[in-house]
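The values are calculated or read from the model by the stated rules, or taken from the named source; none is laboratory data. These numbers come from a predicted model, not from an experiment. We place every Cβ from the backbone using ideal geometry, glycine too, and count neighbours over all the protein chains shown. Side chains included, ligands, DNA and RNA excluded: accessible areas come from the protein's heavy atoms. Shrake-Rupley method; radii C 1.70, N 1.55, O 1.52, S 1.80 Å.
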Amino acid sequence: MKFVPGLLGACLLLTACSGTPPAAPPTVTVTAPATPSAATADPAVLSWMDGFCSAIHGYRDRTNDEAAPGKPEPGSVTEAQKVLSETLGGIAARTGEVVDKLTALPPGPVPTAEKVRQAFVKKYTTARDHAAEAKKALDSARPGDGASQLPAADAVTRAQQDLDGAYDPIAPMVDSPDLIQAAATVPGCKG
């Protein structure tokens, strides 16, 4: 056992005295390809895209929050009418909020942006109007009128169908590198 420390010391001594140190391995530098950054993007494009995405993601988040499970099943036709009325009212309010936010945006900074914004405004406006009209009809029905539920339930489905393709704010922008770059950097598009 005393030989191991002695051998180790001798090896270290030989290594220290063995002439020139070995050359350091060559340094390899890898440079990532340049990618556009938020600093190079047009501030108007960034601002517009942030507002657009925020409006759409806000709708989705609010819808998910309001659809939280755990609500008891209605025990009567009158209670079912009330639940359907609240559902339709929620759809009308949420879609109306999106319409307001999208129409408050300045015109799109590139043609694709304006085209998509107008298409989304149309979809959300249609869903809002269908939900609001159905709520009004349901609320004017006699309490306990079972026949009033079917058109109201159909209106909920129809409002959801009206929004088909309008939940992802980024996908329709694929033809515009400026908008895709902005979407990758602004907080509103990270929803």
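Worth a mention:
- Those residues of segment 118-127 which are open to solvent by 30 Å² or more (accessible area, probe 1.4 Å) and closer than 14 Å to residue 169 by Cβ, in sequence order: 118, 119, 123
- Selection status of residue 84, assigned to a helix (DSSP H, G or I), open to solvent by less than 30 Å² (accessible area, probe 1.4 Å) and touching a residue at least 12 places away in the same chain (Cβ under 8 Å): no
- Filter pass, residue 191 being over 14 Å from residue 112 (Cα atoms), open to solvent by 50 Å² or more (accessible area, probe 1.4 Å), in contact (Cβ under 8 Å) with a residue 60 or more places away in the chain and under 15 Å from the mean Cα position of the chain (by Cα): yes
- Any hit, segment 95-110, residues being assigned to a loop (DSSP other than H, G, I, E, B), in contact with a Ser or Thr (Cβ under 6 Å, 6 or more places away or on another chain), surrounded by 15 or more Cβ atoms within 10 Å (Cβ to Cβ) and at pLDDT below 95: yes
- Neighbours by Cβ (under 6 Å, 6+ apart or cross-chain): first from segment 135-146, in contact (Cβ under 8 Å) with a residue 60 or more places away in the chain; second of a type in the set (A, V, I, L, M, F, W, C) and surrounded by 15 or more Cβ atoms within 10 Å (Cβ to Cβ): 144/77; 146/77
- Residues of segment 143-152 that turn out to be of a type in the set (A, V, I, L, M, F, W, C) and open to solvent by 40 Å² or more (accessible area, probe 1.4 Å), as a count: 2
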